[in-house]
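Every number here is computed from the coordinates shown, using simple stated rules; none is lab data. A quick note: this is a predicted structure, and the numbers were derived from the prediction, not measured. Cβ placement follows ideal geometry from the backbone for every residue including glycine, while neighbour counts extend to all protein chains displayed.
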């Protein structure tokens, strides 16, 4: 469950048509069934009405990130059990948002074993899946072909190391190649872990720079458990840009007005839309929003 740093508050809002320039522990698998059918019970959308119309129609890719709120947090005795339903009751809300926004690439955090098994089955063989204990990258196989699967190691609680999933994908329609890395950086829920979080961000930035040196565009997705600090560290020198805007020029860092801990950033990526669906929290699907961005263009090649 993603924690807030200090007294920082999550600010959830929409920024629409925002144009900016932008492994032994793992298993790859595909489920069975159809991931694009209507939601169970005949419902067509969540009650609060996530609105995919907020995103532009002209796009190369739709990208999303979502911390689903791990099952252990809402099981009996879990820290969020008093406030959120069990995972089995919440997984439908995740699926409805996938059907609504139709992401081509999706980063999921806190997707624990019980949730992962159900989600993979419901996504079906239209989607590829690569993930570890709690984090996964999902991609739409009709749109994207997988070239590589690997991991990025970051420090987590108490200096323990965790492997974050990385997938290199080729856009079938254009041949462009993009590296997708999905991360969940540690939060201060078990004591101050600012040093580990800063080291995780430094490793993520170095990984992006290495991928750019290979001539690849990069998407960095996930729950960074930091707002301004993460943005400023990752965008310094123009290494990455955020889908929801902000700037970092001439040594002056200006995070986006709606900076929160869930991020979609890119290198060699031109974004043209962003939406943070707060209804995921309002409906108690998760304690995080479902965050979506659209990519207008990928710019492979070295910066």
Peptides 252-258, 202-208: what's the order by average Cβ count within 10 Å, highest mean first? 202-208, 252-258
Residue span residue 202 to residue 254: 0.36 nm per residue of separation minus Cα-Cα distance leaves a gain in nm of 16.8 nm
If each residue's Cβ is checked for other Cβ atoms within 10 Å, how do 282, 163, 227 rank with the fewest at the top? 282, 163, 227
Within a 10 angstrom radius of the beta carbon, how do 127, 231 rank from fewest other beta carbons to most? 127, 231
Taking the Cβ of each residue in 263, 139 as the centre, tally the other Cβ atoms inside 10 Å and list the residues starting with the fewest. 139, 263
Quick check: pseudo-label points 7 Å beyond the Cα along Cα→Cβ at residue 160 and residue 83, how many nm apart are they? 2.3 nm
